[in-house]
Amino acid sequence: MNRRQFVYGSTVAAAFARIPNGLAAAKYDLLIKGGRVIDPARKLDATRDVAIADGRIAAIEPSIPAGAGETIDARGKLVVPGLIDIHTHAARNKEGPELCLADGVTGLIDAGSQGADRISETIAIAKSAPQQCRVLINIGRAGILPEGDTMDLSRADAAAAREAIARNREMIAGVKARLSRDVAGANDFEVLKRAQEAASPFNVPVMIHMGQTVSPLSKLFPLLKPGDIVTHMFAPPPNSIIDDNGHILPEVMAARRRGVRFDLGNGRSGHLRWDIAERVLQAGFLPDTFSTDWTPEGRTAQVIDFENVMSKFLMLGMPLDQVIACATLNASRAFPVFRNRGTLKPGAPADVAVLELREGSFEFVDNFGNNRTGRQRLFPSATVLAGKRVASRS
Ligand SMILES: [Zn+2]
């Protein structure tokens, strides 16, 4: 618990202590009734009512009488902490954050859409986002380029990135380095070194985009520090995290041991192949976080929404509570801006996702056109941001 949470938690508790008959007399702005509440932070998975007051979670009890405020009927649905997506490109478009919010995403990171030259554009969108939104600065100063962000090594400009971070300390949460052959070519190692040079004065994480790199991971991963994030962890060879015999590479294990995080980064090309994901999970190497690598184009192909991405891992056999943890609690730990989120603990900001877990036959596709059929699919149902219900995706 950090200091802020402690202070808010105590305030809520003190408020109730002054009210005779406790919960019954308390006034709530919003009550989410009868849902299956899953809060991995507290290992809670049970039918509960969730009461919200003043933008914070006020109480979670088996039964809380409805008061004057609004009620959401969550019977038959899941009630989980608001989803946190740590790898999106939502701040490329003005509408991006709002579209994600309707899917239950109450916290998001734009991961390197822009570099130093045009970082103010993504920052402006992040600032106007309804939910918590921060950006990673691409070490390539021109941002994402079709010809490769840092194919021209002079674009990997650590000094320019440092200046941009210094000017926007509040909004830039870290540095993104895209290292694939078609993005950085043979410059991958040098690009990552420069990304660390940009990040280190500010003690912020570097997120690397791995997969199909020129350099082997044994050369790249030693440059990763605790708190850094490896996205596209299920990318197929060359330079996958798993070898042909089904063993996770030793430098990958070592990175995890020292606190490097491993993230899905679904995306649409080259990042996710079912057989790799299956073998990595079989080896017992579970993702820390899911992320969509969201773009407007992804809404109609492969990504669709965060719930669809999460459902792929239900299909691959991950238990529901772990799937929820990857999209909430674990993600909240990746960046300080989310530190008091990702949980429904009384006193926490009331960011809540109400989801439907439907049974049936659902088609999922990886980034290589391979289809698989799952028996469950999560769908967004209602979203609460800072204690207020937001409009759902129709
Ligand atoms: Zn991306």
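The values are calculated or read from the model by the stated rules, or taken from the named source; none is laboratory data. Just so you know, these numbers come straight off a predicted model, no measurement behind them. All Cβ positions, glycine included, derive from the backbone under ideal geometry; neighbour counts span all protein chains shown. Please note that ligands, DNA and RNA were not included when accessible areas were found on the heavy atoms of the full protein model with its side chains. Shrake-Rupley method; radii C 1.70, N 1.55, O 1.52, S 1.80 Å.
Of 224, 286, 145, which is the most mobile in a GNM of the chain whose springs link Cα atoms less than 10 angstrom apart?
Looking only at 224, 286, 145, the biggest GNM fluctuation is shown by 145.
One quarter of the convex hull surface, Cα atoms only: what value does that give for the chain in nm²?
Answer in nm², one decimal: 18.3.
Which order do 202, 338 take when ranked by solvent-accessible area (1.4 Å probe, heavy atoms of all protein chains), largest first?
On the way: 202 40, 338 0 Å².
The residues order as 202, 338, largest area first.
Of 33, 219, 77, which has the largest mean-square fluctuation in a 10 Å C-alpha GNM of the chain?
219
Rounded, prolate or oblate, given the Cα gyration tensor of the stretch 75-185, with a/c below 1.5 counting as rounded?
prolate
How many percent of DSSP beta bridges within the chain run antiparallel, rounded to 5?
50 percent
Student exercise: in the chain, how many lysine pairs 8 or more apart or on different chains have Cα atoms under 12 Å apart?
Going through the chain pair by pair, I get 6.
I'd like to check one number: the per residue accessible area of the chain, probe 1.4 Å, reported in Å² as a whole number.
Each residue of the chain exposes 40 Å² on average to a 1.4 Å probe.
Please work out the FRET efficiency for the pair residue 118 and residue 218, using the Cβ-Cβ distance as r and a Förster radius of 35 Å; give the result to the nearest 0.05.
Details: r = 35 Å, r/R0 = 0.99.
Computed FRET efficiency for residue 118 and residue 218 comes out at 0.50.
Just subtract the alpha-carbon distance of residue 43 and residue 281 from 0.36 nm times their residue separation and send over the number in nm, one decimal.
Answer, rounded to one decimal: 83.5 nm.
Against the longest alpha carbon principal axis of the chain, how many degrees, from 0 to 90 and to the nearest 10, is the axis of helix 306-315 turned?
80 degrees
Taking a spot 7 Å from the Cα of residue 169 along the direction of its beta carbon, which residues of the stretch 123-139 have an amide N less than 11 Å from it?
Correct set: none at all.
Any chance you could check the Cα centroid distance between the stretch 164-199 and the stretch 210-255 for me, in angstrom?
Taking the Cα centre of each part, the stretch 164-199 and the stretch 210-255 sit 17 Å apart.
What full-extension length gain, to one decimal in nm, is calculated for residue 61 and residue 321 as 0.36 nm per residue of separation minus the Cα-Cα distance? Spell out each step's value before the answer.
On the way: separation 260, 0.36 × 260 = 93.60 nm, distance 1.94 nm.
Working it through step by step, the gained length comes to 91.7 nm.
Under the definition of Cα pairs under 8 Å and six or more residues apart, what whole-number percent is the relative contact order of the chain?
Answer for the chain is 19 percent.
Want the number for residue 258 to residue 186: 0.36 nm per residue separation, take away the alpha-carbon distance, what's left?
23.3 nm
Tell me the label-point distance for the pair residue 203, residue 301, using the 7 Å Cα-to-Cβ offset, in nm and rounded to one decimal.
4.3 nm
Points 7 angstrom from Cα along the Cβ direction at residue 365 and residue 388: gap in nanometres?
3.8 nm
On a 0 to 90 degree scale, rounded to 10, what angle separates helix 188-199 from the longest Cα axis of the chain?
Once rounded, the angle reads 50 degrees.
May I ask for the angle, rounded to the nearest 10°, between helix 158-167 and the longest principal axis of the chain, with both axes built from Cα atoms and the value confined to 0 to 90°?
Computed tilt is about 20 degrees.
Quick check on the stretch 337-394: what does the Kirkwood estimate of hydrodynamic radius come out to from the alpha carbon pairs, in Å?
On the way: mean 1/r = 0.0716 Å⁻¹.
Across the stretch 337-394, the inverse of the average 1/r is 14.0 Å.
Just want to confirm a number: the relative contact order over the stretch 119-225, from Cα pairs under 8 angstrom separated by 6+ residues, in percent.
26 percent
Given Cα pairs under 8 Å that are at least 6 residues apart, what percent is the relative contact order of the stretch 120-171? Can you show the working numbers first?
Numbers: 39 pairs, mean separation 16.9, N = 52.
Relative contact order comes out at 32 percent.
Test of understanding: in a Gaussian network model of the chain with alpha carbons linked when under 10 Å, which of 172, 109, 304 would top the mean-square fluctuation ranking?
In this elastic network of the chain, the residue with the biggest mean-square fluctuation among 172, 109, 304 is 304.
I want to make sure I understand the PRE zone here: with the label point 7 angstrom from the Cα of residue 54 toward its beta carbon, which residues in the stretch 361-394 have backbone N atoms less than 15 Å away?
387
For the peptides 60-72, 173-185, what is the packing order when you average, over each peptide's residues, the other Cβ atoms within 10 Å and list the highest mean first?
Descending packing order for the listed peptides: 173-185, 60-72.
Share of the chain's accessible area from carbon and sulfur, percent, 1.4 Å?
Percent of accessible area from carbon and sulfur atoms in the chain: 49.
Need one number: nm distance between label points at residue 128 and residue 247, each 7 Å from Cα along Cα→Cβ, rounded to one decimal.
5.4 nm
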